[in-house]
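Enquirer: Handing you a structure now.
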Amino acid sequence: MSDDTRPPVTVIGLGSMGRALAAAFLAAGHPTTVWNRSPHKAEDLVARGARPAATPAEAVAASELVVACVLDYPALYEVLAPCAGDLSGRVLVNLTSGSPEQAGEMAAWAAERGAEYLDGAIMITPPGIGNPESMIFYSGSRSAFTRHRRTLAALGDPLDIGAEPGLASLYDTALLGMMWSTLSAWLHGAALVGAEKVDATAFTPVAVRWLTAVAGFMTTYAPQVDEGRYPGDDATLDVQAAAIEHLVHAAEARGVDTALPELLRDQIRRAVDAGHGADSYAAVIRVLAGEGRR
Ligand code: NAP
């Protein structure tokens, strides 16, 4: 049942994610207009009160807030190009995944058509939509974010990442990189202990507990990165350069792949060679960001 005191919303794109977005707006009481290239995907939502639009133009005309979530940017241009003139005075919230550069180009494209633009990055799969704990990053028009924050909160926790349109996408990419690095490091650890017949389910509780400690190191090191000073009060890179040899050796001795520890050893060595042996692990930023860029 929709509550007409809630602002109307349009959702364009009803794939797995778009359907979850529209369902969350409906559940929060927003009059919700939906459009999808394959119209049958709207049926369940229409049964729950969504208004089906026959064309993208009709969908855009229905609400000031237009949320789009299709496969990729080329698909979104294809959908919006025929009704680009109808975007004037509206807010386009693009939750389609893409690069920061694509976000910047679409922000300019929307501005030329008189629309405000917010780029979003959804850090959860469709079942997490509607959960206030789920992070959704937004970057772009400040005034659009402020005006529509409450409506966007129906989808998850809306985090304001900044005015530069590509920032949400950049955060998304950076966090995915962290996810892959962390998962591969955990699997590497599981392979190491697995070589000694320890199950992953036995190893994982201590691995998860260790992640909490690692999160603490990150919080300690963040100001060091920002200030460009890395006091090695807790543990120096010289000490870690020696310790990582044990990881490379332990992997080699058990026939476990050594590419990941060798990569990390290389980064540590390069930082030490650049004169950061007495500094903390945070000094590796000088290698990763390019010496002299911070
Ligand atoms: P999906 O289930 O494959 O849905 C794709 C959607 O794009 C469908 O509505 C599809 O329409 C539409 N589409 C594709 N090509 C089109 C075209 N040329 N013209 C018009 N519509 C077109 O994918 P999804 O999981 O919903 O993902 C949608 C976006 O959300 C992607 O950018 C994805 O990276 C992002 N995302 C997804 C997740 C996730 O967990 N699923 C998480 C974060 C971000 P039809 O129904 O007609 O094919």
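Enquirer: Could you list, in sequence order, the residues of region 22-58 that are over 20 Å from Leu152 (Cα atoms), open to solvent by 30 Å² or more (accessible area, probe 1.4 Å) and touching a Ser or Thr at 6+ places or on another chain (Cβ under 9 Å)?
Expert: Pro52, Glu58
Enquirer: Among the candidates Arg6, Arg19, which residue alone is open to solvent by 60 Å² or more (accessible area, probe 1.4 Å) and not in a helix (DSSP H, G or I)?
Expert: Arg6
Enquirer: Considering region 196-249 alone, what residues qualify as being in a helix (DSSP H, G or I) and touching a strand residue (DSSP E or B) at 6+ places or on another chain (Cβ under 8 Å)?
Expert: Gln224, Leu237
Enquirer: I'm trying to understand the selection: among the residues of region 121-163, which are open to solvent by 70 Å² or more (accessible area, probe 1.4 Å), in a helix (DSSP H, G or I) and within 15 Å of the ligand (Cβ to nearest atom)?
Expert: Within region 121-163, just Pro127 meets the criteria.
Enquirer: Considering only region 92-115, how many residues are among the aliphatic types (A, V, I, L, M), crowded, with 20+ Cβ neighbours inside 10 Å and assigned to a helix (DSSP H, G or I)?
Expert: The qualifying residues number 4.
Enquirer: Here's another thing I want to ask about it. Can you tell me which residues in region 22-54 are away from the ligand (no atom under 12 Å from the Cβ), farther than 18 Å from Ile122 by Cβ and assigned to a loop (DSSP other than H, G, I, E, B)?
Expert: Listed by number, the residues that qualify are Gly29, Pro31, Arg48, Gly49, Ala50, Ala53, Ala54.
Enquirer: Follow-up. Determine whether Gly89 is open to solvent by less than 50 Å² (accessible area, probe 1.4 Å), modelled with pLDDT of 95 or more and either under 23 Å from Leu26 (Cα atoms) or not β-branched (Val, Ile, Thr) (or both).
Expert: Against the criterion (open to solvent by less than 50 Å² (accessible area, probe 1.4 Å), modelled with pLDDT of 95 or more and either under 23 Å from Leu26 (Cα atoms) or not β-branched (Val, Ile, Thr) (or both)), Gly89 does not qualify.
Enquirer: Go over the candidates Leu76, Leu118 one by one and state the one that is over 20 Å from Ala57 (Cβ atoms) and either surrounded by 14 or more Cβ atoms within 10 Å (Cβ to Cβ) or within 16 Å of the ligand (Cβ to nearest atom) (or both).
Expert: Matching residue, one of Leu76, Leu118: Leu118.
The values are calculated or read from the model by the stated rules, or taken from the named source; none is laboratory data. Just so we're clear, the structure is a prediction, and the values are computed from it rather than from any experiment. Note that we place each Cβ from the backbone using ideal geometry, even for glycine, and neighbour counts take in every protein chain shown. These accessible areas exclude ligands, DNA and RNA; they are computed on the full protein's heavy atoms, side chains included. Shrake-Rupley method; radii C 1.70, N 1.55, O 1.52, S 1.80 Å.
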